[in-house]
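> To start, I am sharing the structure in question, which I have written as structure tokens.
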Amino acid sequence: MEYFPLFMKLAEQPCLVVGAGDIAARKIEILGKTGARISVVAQDIGSSVAALQPGLNLDIRQKAFEAADVTGMRLVISATNDRTINELVAAAAQASAIPVNVVDNPDLCSFVFPAIVDRSPLIIASSTGGLSPVLARLVRAKIESAIPAAYGALARFAEKFRQPVKQAITDINQRRAFWESVLSGPIAELVFSGKIDQAEQRLSQELHAQNSVDTKRGEVYLIGAGPGDPDLLTFRALRLMQQADVIVYDRLVSAGILDMARRDAQKIYVGKQRSQHSLAQESINELLANLALAGKRVARVKGGDPFIFGRGGEEIETLMQQGIDFQVVPGITAGAGCASYAGIPLTHRDHAQSCTFVTGHLKDGTINLNWKQLAVPNQTIVIYMGLVGLRAICAALIEHGCPADHPIAIVQQGTTSQQRVLTGTLCSMPDLAEQADIKPPTLIIVGSVVRLHEKLSWFRSSPASRI
């Protein structure tokens, strides 16, 4: 370990920045967040630094640097593009045993600036010891995606209860386990949702009844996993999946998404295919409730969005009836995701001023839709679960006024490396789909926007999957 990671308290402490260009301004902004008293020494004062002066009350000294300028300082930063000046600053600071950073000159530094994730009072820093600042920033970006902004509120919440918990739970191991439960469970989720009063009440109850087994309560997270590409998961969905004890998932949830769940989480498959249900919907509702009542944190993971043909409403009705805590995390619905990856905008000023989502699921051999409305021009129709009834769908649209040469597209396994996009007309598509051996999962898009596919197609799936 070449650099020892250390957090310094600089509030009201004198700090010196030598240089007044854009880079210096960025360092001054960071220092300013700590409450430091900042002096700036430079012969030329850039506009970025001058703009910071009123808000940070900078002591700007427009002059050449002298060794005496470091006297009394707690921290020194040199941000000039003059190697000679940087060496003078470093030598003066080190002679006075003052920590010094020289931007882009690690050999002159006694400390380096890390890439910072600011969730005050929670601060996370990463560094490569000045060898690759870009890599440190990339690491920071990954941390940013995993640490919600509300973690700062969680840290303040924990600080408020630190002493009461310490007094109530004297055993250090038991106290650590209690805090782990609080900071990664339903109480934390209440804080993230801004329900601070409820979180405080819940923590007080659990603290008061620490030795009662009955106090353990579960929660259900109804999560939209998007159309297939794991990168399309929301930050919140990822966080909840990684803290869930049980993952209850559908057929459309890809292996890549399941890999993001907690490694030791129990995984329960409840997927449905046409005429092949792993569990009936009522049984899924009961399963979620029973797991939560047993104290489990349950991630109910669905392809797309849980409230768009996902039966999410039915599931949370059961949870509400039994008084079970739950959250709903929206996902990118298959309609939006697959259309985007196929280069087919669902609305376009020259083609479609509205978009309608419908399900093409067959019941008793028929599809009961408002065909007259769906055949109206200047709109886009997105049809879920329509592959089996494709021939009937195309015939009904033509019968109710759509031209036989009206454009239509089928997107198979959209947003994944196996994506296939087949375009044609209402007249030709049923035969084309059979010839291409299209298989579920698919999404059907009907409308003149389909003509934009060739022009706007940007996503490149694997060559073996292209049509």
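> What percent do you get for the relative contact order of segment 290-407 when only Cα pairs under 8 Å and 6+ apart count?
19 percent
> Where nothing but the Cβ of Lys and Arg (+1) and of Asp and Glu (-1) is charged, how large is the charge dipole of the chain around its Cα centre, in debye to the nearest 20?
For this selection, approximately 340 debye.
> Taking semi-axes √(5λ) of the Cα gyration tensor in Å as the quantity of interest, determine which of (i) 36, 29, 21; (ii) 41, 25, 20; (iii) 54, 34, 17 was computed from the displayed structure.
So the calculated entry is the one marked (iii).
> Do any of Lys9/Lys195; Lys160/Lys195; Lys267/Lys296 go past 21 Å between their Cα atoms, and which?
Distance filter (> 21 Å) returns Lys9/Lys195.
> Give the shape of segment 325-374 as rounded, prolate or oblate, defined through the alpha-carbon gyration tensor: a ≥ b ≥ c are the square roots of its eigenvalues, a/c under 1.5 means rounded, and otherwise the shape is prolate if a/b is larger than b/c and oblate if not.
Oblate.
> Now for a separate question. Which residue, chosen from Gly389, Ala125, Leu240, occupies the Cα position most advanced towards the positive end of the dipole of the chain, where the dipole is computed from +1 (Lys, Arg) and -1 (Asp, Glu) charges on Cβ about the Cα centre?
Leu240
> Heavy-atom accessible area per residue, segment 1-111, 1.4 Å probe: how many Å²?
Computed with neighbouring chains in place, this is 55 Å² per residue.
> Nearest-5 percent of antiparallel DSSP beta bridges in the chain?
Approximately 40 percent, going by the DSSP bridge assignments.
> Rolling a 1.4 angstrom probe over the protein chains, ignoring ligands and nucleic acids, what is the accessible area of His453 in square angstrom, nearest 10?
Roll a 1.4 Å probe over it and His453 shows about 20 Å².
> Could you tell me how many degrees, from 0 to 90 and to the nearest 10, lie between the Cα long axis of helix 83-95 and the main elongation axis, the longest principal axis, of the Cα atoms of the chain?
70 degrees
> Subtract the Cα-Cα distance of Glu286 and Leu135 from 0.36 nm times their separation in residues, and report this length gain in nm to one decimal.
That works out to 49.6 nm of additional length.
> Where does each of Glu314, Glu2, Glu219 land when they are ordered by accessible area, with a 1.4 Å probe and the largest first?
Descending accessible area places them as Glu2, Glu314, Glu219.
> Rounded to the nearest 500, what is the chain's calculated 222 nm mean residue ellipticity when only DSSP H runs of at least 4 contribute -39500 (n - 2.57) each, over all residues?
When only DSSP H runs of four or more count, the value is -10500 deg cm²/dmol.
> Give me the one-decimal Kirkwood hydrodynamic radius in Å for segment 239-364, with the sum taken over alpha-carbon pairs.
About 16.2 Å, per the Kirkwood formula over Cα pairs.
> On a full-extension model of 0.36 nm per residue, what is the gain between Tyr269 and Ala97, subtracting their alpha-carbon distance, rounded to one decimal in nm?
Working it through step by step, the gained length comes to 55.7 nm.
> Between Gln435 and Ser204, what's the calculated FRET efficiency when r is the beta-carbon distance and R0 is 56 Å? Round to 0.05.
With a Förster radius of 56 Å, E is 0.25.
> By accessible area of protein heavy atoms, probe 1.4 Å, what ranking do Val449, Val134 get, highest first?
Val134, Val449
> Accessible area per residue, 1.4 Å probe, Å², for segment 390-467: what's the number?
Result: 48 Å² per residue.
> In addition: If all Cα-Cα distances of segment 14-168 are sorted into 10 Å bins from 0 onward, what percent lands in each bin, rounded to whole numbers?
10, 34, 31, 17, 7, 1
> Let me ask something else about it. Between Rg and the Kirkwood Rh of segment 298-346, both from Cα atoms, what is the Rg to Rh ratio?
Rg/Rh for segment 298-346 comes to 1.12.
> Can you pull the percent of the chain's accessible area that's carbon plus sulfur, 1.4 Å probe, other chains left in place?
It is 52 percent, rounded to a whole number.
> Let me ask something else. Gain in length, Leu6 to Asn368, computed as 0.36 nm per residue apart minus the alpha-carbon separation, to one decimal in nm?
That pair, Leu6 and Asn368, stretches by 123.7 nm at full extension.
> Given a 1.4 Å probe and the protein chains all in place, what does the accessible area of Glu87 round to, in Å² to the nearest 10?
Counting only protein heavy atoms, the figure is 80 Å².
> What ranking, highest mean first, results for peptides 47-55, 299-307 when packing means the other Cβ atoms within 10 Å averaged over each residue?
Listed from highest to lowest mean packing, they are 299-307, 47-55.
> Related question: Would you compute the Debye intensity of segment 329-467 from its alpha-carbon atoms alone, equal scatterers and no solvent, and pass along log10 I(q)/I(0) at q = 0.11, 0.17, 0.18 Å⁻¹ to two decimals?
With no solvent term, the Cα-only Debye profile gives -0.35, -0.87, -0.99.
> Could you please state, rounded to a whole Å, how far the C-alpha centre of segment 435-459 is from the C-alpha centre of segment 4-39?
Centre-to-centre (Cα) distance: 54 Å.
> Right, here's the next one. What share of Cα pairs, in percent, lie more than 24 angstrom apart in segment 101-236?
49 percent
> Could you compute the FRET efficiency for Ser184 and Asp231, with r as their C-beta to C-beta distance and R0 at 25 Å, rounded to 0.05?
0.55
> Related question: Any idea of the accessible area per residue across segment 118-167, 1.4 Å probe, to the nearest Å²?
With the other protein chains kept in place, segment 118-167 gives 62 Å² per residue.
> Using a 7 Å offset from the Cα along the Cα-to-Cβ direction at both Asp44 and Glu454, what is the distance between the two label points in nm, to one decimal?
5.5 nm
> Which lysines have a Cα lying under 23 Å from the Cα of Lys439, excluding residues fewer than 8 positions away in the same chain?
Lys272, Lys302, Lys363
> Continuing with the same structure: What FRET efficiency, computed as 1/(1 + (r/R0)^6) with R0 = 41 Å and r the Cβ-Cβ distance, is obtained for Arg175 and Asn105, rounded to the nearest 0.05?
Calculated transfer efficiency: 0.35.
> In degrees from 0 to 90, rounded to the nearest 10, what is the angle of the helix 196-208 Cα long axis to the longest principal axis of the chain?
Helix 196-208 and the main axis of the chain meet at about 80 degrees.
The values are calculated or read from the model by the stated rules, or taken from the named source; none is laboratory data. Worth saying up front: this structure is predicted, and the values here are computed from it rather than measured. All Cβ positions, glycine included, derive from the backbone under ideal geometry; neighbour counts span all protein chains shown. We work out accessible area using only protein heavy atoms, side chains counted, and drop any ligands, DNA or RNA first. Shrake-Rupley method; radii C 1.70, N 1.55, O 1.52, S 1.80 Å.
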